[in-house]
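The values are calculated or read from the model by the stated rules, or taken from the named source; none is laboratory data. Please read these numbers as outputs of a predicted model, since none were measured by experiment. Quick reminder, even Gly has a Cβ in these numbers, built from the backbone with ideal geometry, and neighbours come from all protein chains shown.
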Amino acid sequence: MSDQTDIDSGDVQPHSLSQLNFSDVAAIGASLHKISKRNKRKMKNKAFGTFERRYSKLALSKSLVPERKCIDYVLIYPHEFSKDVKDETKRLELKKHEQRRTRFEKKIESEGFSIQKDIIGENVFLKLHCPFKRLCVEAEKVKIEMALKDCQIPASKPQNCFQRFADEHLDTDKDVSDFVSTAFVMNRIHLFDGWESPEYFFRPAVRSLLVHHILINIDIRTATEVEEDALDDSDEEAGDDCFSCLCKRERPDVVDKQESRSLKRKGLPYLLMRKTYTDSIVLHDDSIKCRENEDSLSDHFLAPPDPLPPLDEDPRRVLDETWSQVTKFQPLWHVRNYFGEKIAFYFAWTGMLITTLWLPTIFGIGVFIYGLYESFSASEEVTRTTNSGTTEETSAITDVLGDVKEAFDNKVTPFFALFICCWGTVFLELWKRQKATLAYEWDVDQFEANEPDRPQFYGTRVKPDPVTSDEMWFYPFKRQLMKYTTSVSILLLMVALVIASVVGVIIYRVIMNVDYCPNLNDNECIVLTTVVSSILNAVSILLLGKIYDMLAIKLTDWENHRTQTRYDDALIMKLFAFQFVNSYASCFYIAFFRGRGSIFRDRYVDDCEGSCMTQLSFQVLILMVAKPFPKFLKDICIPFIRRLWRGRPNCLRCFCLPCCKPTNQVGQDDNPVSEVDPEAKAPSPHASHVRFLERERLKPGLDDFTLGEFTEKVILYGFLMLFASSFPLAPLLALVICYIDIRVDAKRMLWWYRRPVAFIAQDIGMWYGILNLVNFIGVLTNAFIIAFTSSWGSQFSTTGKLWVVIGFEHIVFFLKFVLAYLIPDVPQEVRLAIRRERYLIQKKFDDDTPKKKDINFSELFPSSMSVRDMITEEDEDDIEVKTTPFNRRAPIGTPGNRDLQSQINRTRLTTPDGLRNQRQAQESVFHVSYQSVKHEDSATSTSNV
């Protein structure tokens, strides 16, 4: 066999070391040096990642906009120390609070937060700032969608004159651009829009949400407590078997023991519940209007200089100038950027309701005018009386009121009810289209699929994730089904109690009217029946409502829902069940039961005054007008009165009463003491800074804004849908109430109330299903009202009325099905935009990826490869050299490679200078590889023997 090596054929034969020349050794040595240098560089890059390298280059090029420290979150707790308290019980409680606060503050400092404290009055304000890098880590964790750089989506051109007019005169989002977006990736931040400015990279809503998400997921447990919790899961699971354990009274030592064992990922919600921190605030962004009207300041973390610097962005001023204009569309993009998608979806839904209400409003006004015309025509002969004087004037007024009452019930009523039922379907279909458009434009159409778990959720079993195969905690379905069944049973019992209370008030009013009113004058009878029954009804509703709300929240917490969306949907269903019975019970009684039977005996009959249709119309009118007043009193009047009371002059204060002492008035101590050393004076904060923080603390909170607002609007929508045939002016009232309400909400959210946490949502949640249910029930109620309550249906017999009901609901359901089929849920342009966005995202990331070299498929490896290329051509992420021929069997540091290195060192001194051709260099390398492999094989054989 020839000693010549045929590289092309792949046969390798050994050569003597004398053929190894200096150029071969030099090439191998240079390659080894390059490998060592690259390995050191990669080890350095591990500590200095891609994210840092990109921003260091940006800083060197002087393109980086410096980040200012702003106040992202404020926590408040009382300024008192355990060592200053003599009461042993209170001292131990304060000591626990101090320990929890110390542990929590160490945790957030380890997360990169900056902490600053101000002592104002009797409270300590803990101001937190989250750095940009930590926000990026959290954004990647929760998969926030961010806009890609240079991927702006062009605005659609108006297709008709109406769209052109709306874009020119009514649109308020002209300055907002839509971008192609994708899930945020930290190492590719240079692909996202605005990455040069860390301060404004995340819009205000996203920044507040990320900070809130970090704080509620921080765990203050120690490693020992984590192990104890894992062991105690079985005990807690056994304790969940009955709901009565929630109300079971435990001994103090058992409570303390369970408190230490029940620490399941306890963060900010746990500390607020335990009163370790008494309050938490998300501050509003600074605004020019706030500086002018409230003497506020910039939201700098440190006390700002005087005068305050100009603002780069003023989102509250932009919102105030556009949102409060009654002749403009709502600035939904600006609302979303400042308050988040969940609140923005509520205002979008309300705006769609107002837009679509114009047509039924015009139709309803026409029906009412037609009813007035018929009513006046029918009573024309009666009004031509020959009486004179006061009797004639009184009779005329009575006749006018009677004509107005009769105007609601006329021949066109069935057609109006048919129109309203079909309008409800059109409204929901149009909303589905707008929801799909907004969810795509706001990049939340896949939010629920990627939604993180609630920090309050806990699992009792472990199973592999069906997608990633990683271990995940879950809660058994059987236990959840048991909890759902218990919750439904308890809520049905509460609904039955509400119905029983309403029936009891009705029975009281009827008995008083029949047995006692004949012996009393008219005023006493009205007080005994109407006034007292109304008071009893109001008290029972308020009392049962409070109990019901507390119980619904407790039950929803007990059900242990995994995500916030599921939790909200479960709570909505429970609360709306009570509101449905509470709001519509009296209307259902008048429409279908009053005057149609007796109570106990034939003498106790509750007849309608006039016609039941007329009384139902006025009942709906009174409820629709009266329903917004408690909300107006609670949200507007009471906060305004409190604000005036806090700003009253000192001459009106009674300092002898503790409630009237100005303990928290700003300006009492311009140089507050330090918490660490009470004797030492802390640096004096900026005066307007102090006023701003105290003013924000005194503002009322919005709580769950969307839950209350949606409940109010859906109840209003129910009056419109369920009893449309009895009150054709209901669309007009709903339009006026909604129009005024969104403008008032704009003012109170921007200036009068605290800023809410900007939660993300994919849609309006369970409210859409409730609206569908209301539409379905509305078809049935309107059919029965037309057949059995209206004057139009009185011409039919009982069998004929039933046929009217069957015919009406069949016609309406058929029309609703056709309309729902003809109106697509997602606009065609949105479908095309989603497909194009996927393509652009893939193209953007492909352009950022280094292009691969062209592959020659005819050769196993290129024959023109040099020694240097063969040694250094490898994967950059692998530190060890694995693809070079001499190292394929023995890694660096093994005996074979140590002998190889010594041979190379010796040959480096004896080999004469000169260069050989590439083929000889390759042969020498393969010869060295053969010797190394042979040495390793012989060593292995010896060890095996």
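What the table shows:
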{"quantity": "Verdict on GLY769 being surrounded by fewer than 18 Cβ atoms within 10 Å (Cβ to Cβ) and modelled with pLDDT of 90 or more", "calculated": "yes"}
{"quantity": "Complete set of residues in segment 169-190 that are in contact with a helix residue (DSSP H, G or I) (Cβ under 6 Å, 6 or more places away or on another chain) and touching a residue at least 60 places away in the same chain (Cβ under 8 Å)", "calculated": "THR172, ASP173, VAL176, ASP178, VAL180, THR182, MET186, ASN187, HIS190"}
{"quantity": "Matching entry among VAL180, VAL176 (being modelled with pLDDT under 90, crowded, with 19+ Cβ neighbours inside 10 Å, of a type outside the set (Lys, Arg) and under 29 Å from TRP323 (Cα atoms))", "calculated": "VAL180"}
{"quantity": "Cβ pairs under 7 Å, 6+ apart, first in segment 80-100 and assigned by TED's automatic domain parsing to the domain that holds LEU271, second among the basic types (Lys, Arg) and in a helix (DSSP H, G or I)", "calculated": "SER82/ARG91; SER82/LYS95; VAL85/ARG91"}
{"quantity": "Residue that is farthest from PHE419 (Cα to Cα) [pool: residues in segment 361-389 that are among the hydrophobic types (A, V, I, L, M, F, W, C) and modelled with pLDDT under 75]", "calculated": "VAL382"}
{"quantity": "Odd one out for THR530, checked against (1) more than 30 Å from TYR458 (Cα to Cα); (2) surrounded by 15 or more Cβ atoms within 10 Å (Cβ to Cβ)", "calculated": "(2)"}
{"quantity": "Filter result for the condition that a residue is hydrophobic (A, V, I, L, M, F, W, C), closer than 30 Å to ARG336 by Cα and touching a Pro at 6+ places or on another chain (Cβ under 9 Å), over MET766, MET749", "calculated": "MET749"}
{"quantity": "Matching residues, segment 753-782, being more than 31 Å from the chain's Cα centre (by Cα) and touching a residue at least 40 places away in the same chain (Cβ under 8 Å)", "calculated": "VAL779, THR781, ASN782"}
{"quantity": "Residue pairs meeting the criteria (Cβ under 6 Å; at least 6 apart or on separate chains; first closer than 16 Å to LEU732 by Cα, in segment 347-376; second of a type in the set (Ser, Thr, Tyr) and part of a helix (DSSP H, G or I))", "calculated": "ILE354/TYR739"}
{"quantity": "Matching residues in segment 797-812 - criterion: being touching a helix residue (DSSP H, G or I) at 6+ places or on another chain (Cβ under 6 Å) and free of Cβ contacts under 8 Å to residues at least 40 places away in the same chain", "calculated": "LYS801, VAL804, VAL805, GLU809"}
{"quantity": "Wholly within segment 571-670, helices (runs of 4 or more DSSP H) carrying at least 3 residues that are in contact with a Ser or Thr (Cβ under 7 Å, 6 or more places away or on another chain), modelled with pLDDT of 80 or more and not basic (Lys, Arg)", "calculated": "612-626"}
{"quantity": "Which listed residue is at pLDDT 85 or above and closer than 24 Å to ILE115 by Cα, from LYS266, LYS275", "calculated": "LYS275"}
{"quantity": "Segment 773-798, residues that are among the hydroxyl-bearing types (Ser, Thr, Tyr) and modelled with pLDDT of 90 or more", "calculated": "THR781"}
{"quantity": "Residue check for TRP358: at pLDDT 90 or above, under 36 Å from the mean Cα position of the chain (by Cα) and within 21 Å of VAL426 (Cβ to Cβ)", "calculated": "yes"}
{"quantity": "Helices (runs of 4 or more DSSP H) wholly inside segment 77-170 containing at least 1 residues that are among the aliphatic types (A, V, I, L, M) and at pLDDT 85 or above", "calculated": "88-110, 132-141"}
{"quantity": "Any hit, segment 745-766, residues being at pLDDT 90 or above, surrounded by fewer than 23 Cβ atoms within 10 Å (Cβ to Cβ), aromatic (Phe, Trp, Tyr) and not in a loop (DSSP other than H, G, I, E, B)", "calculated": "no"}
{"quantity": "First in segment 59-73 and closer than 27 Å to ARG755 by Cα, second anywhere and assigned to a loop (DSSP other than H, G, I, E, B) and at pLDDT below 85, Cβ under 8 Å, 6 or more apart", "calculated": "ARG68/PHE301; LYS69/PHE301; LYS69/LEU302; CYS70/ASP299; CYS70/PHE301; ILE71/ASP299; ILE71/PHE301"}
{"quantity": "Filter pass, ILE507 being over 28 Å from LEU555 (Cα atoms), surrounded by fewer than 17 Cβ atoms within 10 Å (Cβ to Cβ), touching a residue at least 40 places away in the same chain (Cβ under 8 Å) and over 34 Å from the mean Cα position of the chain (by Cα)", "calculated": "yes"}
{"quantity": "The listed residue being closer than 27 Å to LEU722 by Cβ and of a type in the set (D, E, K, R), out of ASP557, ASP568", "calculated": "ASP568"}
{"quantity": "LYS713 vs. criteria charged (D, E, K, R), modelled with pLDDT of 85 or more, out of contact with any strand residue (DSSP E or B) (no Cβ under 7 Å at 6 or more places or on another chain) and over 18 Å from TRP751 (Cα atoms)", "calculated": "yes"}
{"quantity": "Selection status of ALA166, in contact with a helix residue (DSSP H, G or I) (Cβ under 9 Å, 6 or more places away or on another chain), surrounded by fewer than 17 Cβ atoms within 10 Å (Cβ to Cβ) and at negative phi", "calculated": "no"}
